[in-house]
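Note sheet for the following structure.
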Amino acid sequence: MQNTIKFFKDKKNQAPIARLNGVDYKGYLIGKLPNKFAFIYNEEQDKEGIIHWFNHKGLTYVEKLDNPWA
């Protein structure tokens, strides 16, 4: 299976978006990464972090979540 990727901007807030095999990823500058980035797991709070991402042209792309509080 061949991987497909398409880059575009979100019309609502002009954020860079990448669609990789049908999954949307939001692009972040290194200083603007979410707090959950590279955070693996906290047993006391039962919280998981972002451990999968990819870099392209100076941005770090993490999977875009529909939940604004996640």
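Here are some notes:
- Identity of the residue in segment 40-58, assigned to a loop (DSSP other than H, G, I, E, B) and without any contact (Cβ under 8 Å) to a residue 12 or more places away in the chain, that ends up surrounded by the most Cβ atoms within 10 Å (Cβ to Cβ): Ile40
- Cross-chain or 6+ apart pairs with Cβ under 7 Å, segment 5-31 first and at positive phi, then surrounded by fewer than 10 Cβ atoms within 10 Å (Cβ to Cβ): Asn21/Asn3; Asn21/Thr4
- Among the residues making up segment 1-37, those that are surrounded by 12 or more Cβ atoms within 10 Å (Cβ to Cβ) and in a loop (DSSP other than H, G, I, E, B) are Asp10, Ala15, Leu33, Pro34, Lys36.
- Residues being hydrophobic (A, V, I, L, M, F, W, C) and touching a Leu at 6+ places or on another chain (Cβ under 7 Å) - total across segment 10-41: 1
No lab work stands behind these numbers, since they all come straight from the coordinates. No experiment lies behind these values; they were computed from the predicted model shown. Because the Cβ atoms are built from the backbone with ideal geometry, glycine has one as well, and the counts that use them run over all protein chains shown.
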